[in-house]
Amino acid sequence: MQHKTIVLVGQPNAGKSTLFNVLSDIKSSTSNFAGTTVAIKQSLINVNFDTYKIIDLPGLYSLNPNDPAEEVTVNFLLNHHVDLIINVVDSTLLSRSIELSIELIELGIPMVIALNMQDEASRYGVRIYNQKLKDILKIPVIPTIALFGKGVKDLIDTCDHVITRGYSKPEFLKFTLHVENSINVIQEDLKETQIPNNIDSRFYAIKLIENPQIAFKSLKSFDRKKSELATQQIQIEHNTDGFEVIAYERHHHAMKITHLVSELKKKKAQPFAEKLDSVLLHPLWGYFFLLLFFIVYFIVIFQVGTFISGLIEPAMQTLPHYYEPLKLISPFLWYTLDGLFQGIAGSIGIVLPYFLPLLILTSLFEDTGYMSRIAFLLDGLFHRIGLHGKSVAPFIMGFGCTVPALYATRIIENERDRLITGVLINFIPCSARLTVIFAISSAFTGPIWTAFIFFFVLLIIAINGKILSYFFTKPTGLILEIPNLKLPSLRTTFKKTQFKVKEFLKVAVPYLILGSIVLGWFEYFGASKILNSFFSPLVTNVLGLPEQLGSTLIFGFLRKELIIVMASQAMGVKSFSQLGLTTAQALVFTIFVILYIPCISTFAVFWKEFGAKTVVLTTIFSITMATLCGLFFKIILNF
Amino acid sequence: MCLSDAPCNISLKILKINSEMVTRKKLLSMGIRPDDSLIKIFEMNWGGVIVQNLTTNSTKVALSKSLANDIIVDYAA
């Protein structure tokens, strides 16, 4: 059955995904950073006995896309039938947001405005007269605070009302006379052209003036020459590009509307967030707090993870003796059961204790808005390795999971910067790899080596960035929105953590258990020996590690955590700490595992985003880098 | 003068943006446009700046040194 489609469109960080989460049963990723949503997410919702398809589109500043994420939204709006647009507007940024609203109205698609973050606006002393805005734009305007679900019921009822009971098109805002004349001339010419979907011909007439490439993509049969004369006329009259003429007119309208519908009451004393910013972005103190932040971040994860793991793992390792007698009676069953047990014990006793604090801290940190400040602070440093600060966001996401981090590279406008960032993200220790670092350090080396490994990996990324940037031209400059600092919501943090833990239990744990069982079978049938012999030249001769660890590297391609789950199994010991590795071996093993190859999910997404050739070259590059680094550490530490 | 050379915490007027068209489009869509007033809030030693458009009371925008060099400003009246 074909459901009517409602799309959420708005500028980055306006709260679209938060609203989507409230409206749907899907939990989409949210944070206080522009560009968190880079792909389309959809869900079905029931409203008054009707079912609608609701779609969360990546944020965009205007319908003239500047990066691949914005292109996703524009392409969707122009190439799909949309029944209603919910334009999510950040009330604290009314003027800039209305510019996009005006552009969306030009599409001629029914629209409702969700005037979001009203609480934030009043905190900044801004009062908005919703009714006046509704009267001017001639479309429903619903005040919302999506984070707390306020106004959402009213919003969705209004959407239902607009869709089911018909809709009168909003009045298109008029440009100055000579621009209007040109729009009318082009609109006349468009009469013979078939306009796809339910887009108004006025939208394409305006686009033919301001950004003809967008229009030509959809209007394949349109004769370009027809619009050229009218466009040239505008350029001659204004002595500037058609894009700037239209942008200024929209800006002027938006300013006028904002002036009419809002007032800035006596501005309250400088909010605490701004005082905090003066420290966090200070040319000296800013870097001090950044360093402090990273140190605290890793110490907390390490300490909490070690504590929880210390409570669970020893208790779990007392259980295998219950099935020990099976080893003599039915060895195959014993290997299967042991594989199953080691998989569960590894997931719950080793992986989850580090994963949980990592998720909670990352979620709290994302919601504060500090991420964009880090991007700015590190921009100068990133320039030295051939990138700019916008790559920081995908990098930081990479500490959670490489897959969304690769998608997040879509917020980078320049293809060259995007490619280098994509390649380097594969070296960022994701939560799975961090778990490997924390677990091995906790068992063999201690927290100082954790920090050392972490900074060594960052150094490798910097060196690789420098190497890669030699093959490309100079990076473009950073243009990045710095959202206001906010207190993170504990409710959102709890929900996000709950969702990600569920996802981990549903997606990762079965892999860990199955992999562990398969390794048990390998050992039963003697296949592990063949694999270990195959990898022996690398594992034993080059890296100086026990031969038995060779087979775990294959499973690490499925999930990185499998390596620590299976290492004890492969070495035939009951506890991870009994592996018997020396400090040097533990470090070499950790470094190699972090760098050698991304997991299978990353591999697939990397292929999709950057193509097969890049994947193959990057894989060869990372295996070489991992081997060289492992060898380097072996030589240095055994010297 | 270019934005890099302008002092912090003083109201400035944007006179011209000398960047290439793609960058100019991006700056326009983020609210950095000629004739608007802005204030430079922070400046890093390596040249990056954070500005805020005073005309639209918009959000803060971070710009790298190369872009700050391309934006020509004057003291607002």
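Coordinate-derived values only; no laboratory data. As the structure is a prediction and not an experimental result, all values here were calculated from the model. Positions of Cβ are generated from backbone atoms using ideal geometry, with glycine treated the same way; all protein chains shown enter the neighbour counts.
Please report, in debye to the nearest 20, how large the charge dipole of the protein assembly as shown is about its Cα centre when each Lys and Arg carries +1 at its beta carbon and each Asp and Glu carries -1 there.
720
Compute the long axis of helix A:600-610 from its Cα atoms, compare it with the longest principal axis of the Cα atoms of chain A, and write down the angle in degrees, 0 to 90, nearest 10.
40
May I ask you to evaluate 6.51 cos²θ - 1.76 cosθ + 1.60, the Karplus curve with θ = phi - 60°, for each residue of the stretch B:31-44 and list the ³J(HN,Hα) values in order in whole Hz, giving x for glycine and proline?
Once rounded to whole Hz, the list reads x, 9, 9, x, 6, 7, 9, 9, 10, 8, 8, 10, 9, 8.
In the stretch A:285-637, with Lys and Arg counted as +1 and Asp and Glu as -1 at Cβ, which of these residues, A:W285, A:F355, A:L512, has the Cα nearest the positive end of the dipole, that is, farthest along it?
Of the options given, the answer is A:W285.
Could you tell me the calculated FRET efficiency between A:E274 and A:I600, based on Cβ-Cβ distance and R0 = 35 angstrom, to the nearest 0.05?
The computed FRET efficiency comes out at 0.15.
Enumerate the amide H contacts of A:G151 below 5 Å, restricted to partners 5 or more residues apart or on another chain; note that Pro and chain-start residues carry no placed amide H.
Placed amide hydrogens put A:I145 under 5 Å from A:G151.
Report relative contact order for chain A in percent, whole number only (criteria: Cα-Cα under 8 Å, sequence separation at least 6).
12
Please give, to one decimal in nm, the separation of the simple spin-label points placed at A:R127 and A:F471, each 7 Å out from Cα toward the Cβ.
6.1
Just tell me which aspartates and glutamates come within less than 20 Å, Cα to Cα, of A:K53; anything on the same chain fewer than 8 places away is out.
The qualifying aspartates and glutamates are A:D25, A:D83, A:D154, A:D157, A:D160.
When only Cα pairs under 8 Å and 6 or more residues apart are kept, what is the percent relative contact order across the stretch A:431-585?
Dividing the mean separation by the residue count of the stretch A:431-585 yields 27 percent.
Considering only DSSP beta bridges where both residues belong to the stretch A:4-164, give the percentage that are antiparallel (nearest 5).
Around 30 percent of the beta bridges assigned by DSSP in the stretch A:4-164 are antiparallel ones.
Mind checking the mean number of beta-carbon atoms from other chains within 10 Å of the Cβ atoms in A:477-486?
Per residue, the average neighbour count from other chains is 6.
Which of A:T602, A:T336 comes first, and how do the rest follow, when ranked by fewest Cβ neighbours within 10 Å?
Fewest to most other Cβ atoms nearby, the residues stand as A:T336, A:T602.
Compute the signed sum of charges (Lys and Arg +1, Asp and Glu -1) over the other residues within less than 14 Å, Cβ to Cβ, of A:Y129.
Every neighbour counted, the sum reads +2.
Please compute the average number of Cβ atoms from other chains found within 10 Å of each residue's Cβ in peptide A:238-244.
2
Near the amide H of A:L545, under 5 Å away, which other amide H atoms are found, from residues 5 or more places off or on another chain, if H is placed in the peptide plane?
A:T540
Spelling out what I want: for every residue of the stretch B:58-70, take phi, set θ = phi - 60°, compute 6.51 cos²θ - 1.76 cosθ + 1.60 (Karplus), and round to whole Hz; glycine and proline get x.
So the J values, rounded to whole Hz, are 7, 6, 6, 10, 8, 10, 6, 4, 4, 6, 4, 5, 7.
Treat the count of other C-beta atoms within 10 Å as a stand-in for reagent exposure and order A:R224, A:R96, A:R202 from fewest to most.
Listed from fewest to most nearby Cβ atoms, that is A:R224, A:R202, A:R96.
Antiparallel as a % of all DSSP beta bridges within the protein assembly as shown, to the nearest 5?
Approximately 65 percent, going by the DSSP bridge assignments.
Counting alpha carbon pairs within less than 8 Å and at least 6 residues apart, what relative contact order, in whole percent, applies to the stretch A:4-164?
Relative contact order for the stretch A:4-164 comes out at 24 percent.
Evaluate the distance, in nm, between pseudo-label points positioned 7 Å from the Cα of A:F294 and of A:L319 along their respective Cα→Cβ axes.
Result: 3.8 nm between the two label points.
What spacing in nm lies between the two simple spin-label points modelled at B:N18 and A:D154, each 7 Å away from Cα in the Cβ direction?
5.0
Between A:L637 and A:V501, what is 0.36 nm times their sequence separation minus the Cα-Cα distance? Round to one decimal in nm.
Computed gain between A:L637 and A:V501 is 45.2 nm.
Taking beta carbons within 10 Å but only from partner chains, what does the mean come to for residues A:87-96?
3
So what is the calculated 222 nm ellipticity per residue for the protein assembly as shown, using -39500 (n - 2.57) for each DSSP H run with n of 4 or more, over all residues, to the nearest 500 deg cm²/dmol?
One gets -17500 deg cm²/dmol as the mean residue ellipticity at 222 nm.
Exposure proxy check: A:C629, A:C159, B:C2 ranked by fewest other beta carbons within 10 Å?
Ranked by crowding around the Cβ, least crowded first: B:C2, A:C629, A:C159.
Rounded to the nearest 0.05, what FRET efficiency do A:L264 and A:K174 have when you use their Cβ-Cβ distance and R0 = 25 Å?
About 0.35, to the nearest 0.05.
Applying the Karplus parametrisation 6.51 cos²θ - 1.76 cosθ + 1.60 with θ = phi - 60° to the phi angles of the stretch A:310-315, what ³J(HN,Hα) value in whole Hz is obtained for each residue in order, glycine and proline being reported as x?
Here the 3J(HN,Hα) series is x, 7, 8, 4, x, 5 Hz.
Subtract the Cα-Cα distance of A:K138 and A:T627 from 0.36 nm times their separation in residues, and report this length gain in nm to one decimal.
Net length gain for the segment: 169.6 nm.
What aspartates and glutamates could a cross-link reach from A:K275, if we take a straight Cα to Cα line under 20 Å and drop same-chain neighbours fewer than 8 places away?
Cross-link targets: A:D119, A:E120, A:E366, A:D367, A:E481, B:E43.
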